[in-house]
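Everything below concerns the one structure shown next.
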Amino acid sequence: MALLASAHRNQADIVASAMTILEVSHRGLSRPRLDWILSRVRVEPVTRDSARAASALLAASGLHGHTHAIDAVVAELAARQTRPSALLTSDPRDMRKLCESHVRVVPV
């Protein structure tokens, strides 16, 4: 929540992949809290073109399969954002492999 507040104060554009909604969903998730967060970010769909670009990132990084599929979609979305851009992640090692050099990977 503090990260969202800070980003808004700094007028940062906050973007999330639609796949992230699936990734964070679990039985104990507060739907009202998720809805509140999603109301403050721009959620981008996964299109055929974005999926193909994410697939290319997987191939280039040496990663593969469903284990890294959502990460690749998120990295592809980050790469399309206006520079400079940062990607907040709990998996910085794999995301650094997937992200282009102009995307700053920030562990959270």
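None of the figures in this text is laboratory data; all of them are computed from the coordinates on show. All figures in this text were calculated on a predicted structure; none of them were measured in a lab. Neighbour counts run over all protein chains shown; Cβ positions are idealised from the backbone, glycine included.
Some notes on this structure:
- Förster radius 25 Å - calculated FRET efficiency between ALA86 and SER30 (Cβ-Cβ, nearest 0.05): 0.45
- If the segment from ARG48 to HIS66 were pulled out straight at 0.36 nm per residue, it would be longer than the present Cα-Cα gap by 4.8 nm.
- Each residue in ASP71, ASP94 was given a count of other beta-carbon atoms within 10 angstrom of its own, and listing them fewest first yields ASP94, ASP71.
- Shape call, segment 53-108: gyration tensor on alpha carbons, a/c limit 1.5: oblate
- Globularity ratio of the chain, using Cα Rg and 2.2 N^0.38 Å: 1.06
- From least to most packed, judged by other beta carbons within 10 angstrom and beginning with the fewest, VAL46, VAL24 follow the order VAL24, VAL46.
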